[in-house]
Amino acid sequence: MLAGRRRQIVELVEAQEQVTVEELSARFGISVVTIRSDLKALEDVGALVRTHGGALLQRDGDELPISVKENQHYAEKKRIAAAAARLIADGDTIILDSGSTTAEIAKLIRGMKLSAINVITNALNIAVLLANVQHVNLIMLGGQLRSRSYSLSGPQAEAALGHLQADRLFLGVDCLDPEIGLMTPYLLEAQLNAKMMKVSRHVVAVADSSKLMRRTLSVIARVDEIDMLITDRGADQHVVDTLIEKGVEVVLA
């Protein structure tokens, strides 16, 4: 019965592309708690992607909207962001790469007791979060917009970075394999991220443990080119040990 219901949920998501918890609860005559448990189990095996209040279909190669990404591994991202924010000092110039974890860092910056910091970003959502913060001098990179992630990249963004220097980069990555490096599916963003690393004195990758030991299209840099990885306590110990051997400081938040 359980397997049959979950199979029907997958079929419904494939047919409609998106469903709500309330819709599924009414359809199967079971509680929303049980439906949420079904959706979590189905997400764990890659059959769908949970959203706030429901689920949606994920096709191979599809990019999830930032509004969905920000709710995935949310508790871990908040802890990672808090550890990252503790590295920020008055007078710093930092780069916040696009991403849901770096957006959590931006939210914390809003409430920090600082006189002044410079924040460089290529993310529209991060720029909006910091636009009216008195202690933030915001520098926005131009470029081509990827609307689902609110991310800007391309030659214009790279050219703008050529005239800037930063104390610290907080780099969100889609995938990290200790043997291959930091990766993203998007070639233009890989090129921009590599440029961000070159203009930064200290590079901090921020990624929850679900991103570790995954691979995708474009390599940003080798892992020994970053100074620190902040991830969560669910990180595979072998990955952590390998990164430490390669000279990367690993912080488990």
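The values are calculated or read from the model by the stated rules, or taken from the named source; none is laboratory data. The structure displayed is predicted, hence computed values, not measured ones. Backbone-built Cβ (ideal geometry, glycine too); neighbour counts: all protein chains shown. Surface accessibility is based on the protein's heavy atoms, side chains included, excluding ligands, DNA and RNA. Shrake-Rupley method; radii C 1.70, N 1.55, O 1.52, S 1.80 Å.
A few points about this structure:
- About its Cα centre, the dipole of the stretch 150-250 is roughly 260 debye, where the only charges are +1 on Lys and Arg Cβ and -1 on Asp and Glu Cβ.
- Put simply, the amide H of ALA221, placed in the peptide plane, has neighbours under 5 Å in LEU182, leaving out anything fewer than 5 places away on its chain.
- Range in the chain, longest, excluding exposed GluC sites (Glu not before Pro) [loop by DSSP; at most 16 other beta-carbon atoms within 10 Å]: 64-178
- Using alpha-carbon coordinates, inclination of helix 74-85 to the longest axis of the chain, degrees: 10
- Taking Cα atoms only, the orientation of helix 32-44 departs from the longest principal axis of the chain by about 60 degrees.
- Greater than 26 Å apart at Cα, pairs in LYS113/LYS246; LYS195/LYS246; LYS40/LYS195; LYS78/LYS113: LYS113/LYS246; LYS40/LYS195
- Within the listed set GLY181, GLY143, GLY234, the residue fluctuating most in the Gaussian network model of the chain (springs between alpha-carbon atoms under 10 angstrom) is GLY234.
- Using a probe of 1.4 Å on the protein chains alone, the accessible area found for MET197 is around 20 Å².
- When Rg/Rh (Cα atoms, Kirkwood Rh) is calculated for this entry, the matching label among (1) 0.93; (2) 1.01; (3) 0.96 is (2).
- Between 0 and 90°, nearest 10: helix 100-110 axis offset from the chain longest Cα axis: 60
- Taking the accessible area of the chain, probe 1.4 Å, and keeping the other protein chains in place, the carbon and sulfur fraction comes to 49%.
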